[in-house]
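Comments concern the structure below.
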Amino acid sequence: MAGEGNLPLLQSIGASPVVEAPALESQHAAYIVKQLKAFRDGTRNNDVGKIMRNISKEMTNEEIEAVAEYIANLH
Ligand code: HEM
């Protein structure tokens, strides 16, 4: 369970992936920062239920960068 998204979990319990959180483990920090900022300012809006837009709105640049750094180092 290291940045693999929620698809394996959904499949393991036989649930349909209504809201699929994508795998992030192999993304570079700069890409994650870019996507979180795009969700925050609304230029990216393909998140079901606004889940990414709502949470990224609460994040500072420093928090986005720290999370991106952490995720980019998951293996
Ligand atoms: C630590 C928590 C999370 C972080 C840092 C995070 C970060 C991200 C990032 C960087 C993307 C862009 C991925 C890409 O372009 O490949 C993304 C997309 C997305 N995330 Fe999250 N996410 C988190 C939790 C969640 C959760 C819990 C859900 C829902 C169960 C979720 C739902 C989505 C959806 C629906 C997308 C768009 C999927 C698509 O492009 O098809 N995220 N997230």
Which ones in the range 1-11 are within 16 Å of the chain's Cα centre (by Cα) and either among the charged types (D, E, K, R) or exposed (fewer than 13 other Cβ atoms within 10 Å of the Cβ) (or both)?
MET1, ALA2, GLU4, PRO8
From the list ILE64, ILE32, which residue is more than 8 Å from the ligand (Cβ to nearest atom), surrounded by 13 or more Cβ atoms within 10 Å (Cβ to Cβ) and part of a helix (DSSP H, G or I)?
ILE64
Being over 13 Å from the mean Cα position of the chain (by Cα) and modelled with pLDDT under 90: is that true of GLY14 here?
yes
For residues in the range 36-54 being within 10 Å of the ligand (Cβ to nearest atom), part of a helix (DSSP H, G or I) and free of Cβ contacts under 8 Å to residues at least 12 places away in the same chain, which is least open to solvent (accessible area, probe 1.4 Å)?
ALA38
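The values are calculated or read from the model by the stated rules, or taken from the named source; none is laboratory data. In this text, all values refer to a predicted model and were calculated from it rather than measured experimentally. Cβ atoms come from the backbone with ideal geometry, glycine included; neighbour counts cover every protein chain shown. All accessible areas refer to the heavy atoms of the entire protein, side chains included, with ligands and DNA or RNA removed. Shrake-Rupley method; radii C 1.70, N 1.55, O 1.52, S 1.80 Å.
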